[in-house]
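What follows draws every value from the coordinates through simple rules; no lab data is involved. Keep in mind the model is a prediction, meaning the values are calculated, not measured. Neighbour counts are summed over all protein chains in view; Cβ atoms, including those assigned to glycine, are modelled from backbone coordinates with ideal geometry.
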Amino acid sequence: GLAEEPISRANSKPVAMEGSSPFSGSRKEESSLSIIIVGASGDLASQKIFPALFALFYEDCLPENATGFGYARSKMTDEELRNMISQTLTCRIDKRENCGDKMDEFLKRCFYHFGEYNSEEHFARLDCKLKEKEGGRSSFRLFYLSIPPNIFVDVVRCASTSASSKNGWTRVIVEKPFGHNLHLFLIASYFDNYGIIHDIMQNHLLQILALFAMETPVSLDAEDIRNEKVKVLRSMRLLQLEDVMVGQYKGHSKGGRTYPGYTDDPSVPNDSLTPTIAAASLFIDNARWDGVPFLMRAGKALHTKRLLVLRVQPDEAIYLKINNKVPGLGMRLDRSDLNLLYKARSDQSRYPKEIPDAYERLLLDAIEGERRLFIRSDELDAAWSLFTPLLKELEEKKIAPELYPYGSRGPVGVHYLAAKHNVRWG
Ligand code: NDP
């Protein structure tokens with residue numbers, strides 16, 4: 001999960017965010033792009049961000065004068081950084097012969113600078129190094145904050161005062177502190193502060209709902225899409241307690257195996273009321289969707305039976321699980337998937353063989369100023385206003401989640417909520 005936050009641009013000239021990129025045409029020799037990965041000593045930087053940068057470099061998607069800068073407190077030389085990241089670079093698109101050469105070329109453009117996260121002086125030193133590489137060209141700087149969220153503000157302040165571009169743009173990518181992999185799922189102390197409503201519903205599911213229910217935008221331009229999303233979000237009825245059901249999984253034993261409950265995790269308080277499942281019915285008060293309930297559910301530790309699946313990542317796919325009669329004279333049924341697995345599509349004129357990794361898309365969009373996939377601040381406001389009163393009420397009234405066994409279909413309340421609208425969950 002990722003979010004965008006603009007850095008103060010007090011000294012920066014406004015630069016075309018849409019349309020012509022400063023890295024195209026005759027201007028490209030005059031511009032230089034620096035991507036500064038703050039927290040470069042961490043896992044995410046070497047596992048995801050540098051490999052994504054390399055993939056863009058390999059595909060010639062980065063401008064000519066692009067450099068990668070690692071910044072963190074750990075002491076490292078440029079060479080040590082290069083050794084570290086060279087372990088995770090791959091030529092995943094294809095194994096063309098020049099892969100090794102491309103890697104060497106890319107590594108030569110990677111540098112490291114160590115410093116504290118709250119020191120304007122250390123960022124000023126970084127600024128000197130950046131200027132050295134920029135060689136007097138217009139400077140475009142993209143800061144990627146791959147650090148724990150409690151130091152975001154310090155870094156943005158220091159970067160803004162001491163290391164922002166003076167004649168181009170400065171942009172910041174903020175890594176959302178929860179996400180898409182098991183490793184982060186296991187940061188259970190984080191999850192306990194927020195729960196499934198913040199973690200999945202208020203952002204991911206609401207985004208999908210807004211995209212689904214919005215009116216057709218005037219064009220596919222970012223602002224047109226975002227205008228429609230904001231309109232539909234603002235038409236949504238405020239969530240009431242009776243529209244929502246929350247649950248939490250408990251431990252149980254089955255077939256000689258014991259499955260732990262949510263509060264059995266040592267980092268979770270025994271009396272935690274954090275929901276691990278939530279279901280909600282939402283209404284959109286506009287002419288198109290008048291009276292139509294939208295049911296949303298997100299949960300952990302559920303059984304895996306699903307019907308229509310829209311999988312955003314990994315392995316982007318839309319599939320429908322069906323019971324299919326096995327061809328032939330018999331009457332045997334078989335469970336199969338009717339699927340659109342993007343990577344399995346052979347029609348390469350319409351579906352490219354390789355789907356870029358989410359980090360490649362993110363970096364490229366941030367570099368090109370393509371905002372279509374970023375949430376605009378009024379959209380964020382609308383999404384939060386929808387859920388905040390409910391979250392407050394859940395907390396103030398200390399609403400106890402209904403317990404459900406690990407690996408089950410979830411608590412009965414979730415099914416009652418759907419039944420109120422004559423719907424059954426898959
Ligand atoms: P790390 O915990 O490895 O943090 C990255 C770097 O930040 C560390 O190498 C360290 O660098 C510095 N750092 C760590 N803790 C602190 C602290 N308490 N105070 C100051 N500096 C600190 O995280 P990851 O690299 O795994 O992830 C980066 C960020 O992205 C995290 O916030 C994470 O929650 C989020 N994230 C991670 C994903 C992943 O798959 N790993 C996916 C999605 C989000 P140094 O000591 O050298 O300064």
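The calculated P(r) of segment 194-299, using every Cα pair and 5 Å bins from 0, goes 2, 11, 17, 18, 14, 12, 9, 7, 6, 4, 1, 0 in percent. Estimated from the Cβ-Cβ distance and a Förster radius of 41 angstrom, the FRET efficiency linking Arg125 and Lys397 is about 0.20.
Taking the Cβ of Val268 as the centre, find all other residues whose Cβ is under 13 Å away and add up their charges (Lys, Arg: +1; Asp, Glu: -1). Let's see the in-between values first.
Values: positive: Lys250, Lys300; negative: Asp192, Asp264, Asp265, Asp271.
Residues near Val268 contribute -2 overall.
Counting neighbouring beta carbons within 10 Å and listing from fewest to most, the residues Thr161, Thr216, Thr258 come out as Thr216, Thr258, Thr161.
Within 10 Å, count the other beta carbons around each residue, average over each peptide in 243-250, 284-291, 227-234, 381-388, and list them highest first.
On the way: 243-250: 23.6, 284-291: 12.1, 227-234: 19.5, 381-388: 16.9.
Packing order, densest peptide first, comes out as 243-250, 227-234, 381-388, 284-291.
Give the whole-number value, in cubic angstrom per residue, of the convex hull volume spanned by the C-alpha atoms of segment 33-95.
On the way: hull volume 5.2 nm³, N = 63.
Value for segment 33-95: 82 Å³ per residue.
Cβ under 10 Å from Thr216's Cβ, Thr216 left aside: what net charge do those residues give with Lys, Arg +1 and Asp, Glu -1? Write down the numbers at each step before the final one.
Working: positive: none; negative: Glu215, Asp224, Glu228.
Overall, the nearby charge balance is -3.
For segment 348-418, what D do you get in µm² per second when you plug the Kirkwood radius from alpha-carbon pairs into Stokes-Einstein at 25 °C and 0.890 mPa s? Estimated via Stokes-Einstein, D reaches 144 µm²/s.
Find how much the distance from Asp265 to Glu242 grows on full extension, using 0.36 nm per residue of separation minus their present alpha carbon separation; answer in nm with one decimal.
Values: separation 23, 0.36 × 23 = 8.28 nm, distance 2.97 nm.
That pair, Asp265 and Glu242, stretches by 5.3 nm at full extension.
Distance between the pseudo-spin-label points of Leu273 and Glu59 (7 Å out from Cα toward the beta carbon): 4.7 nm.
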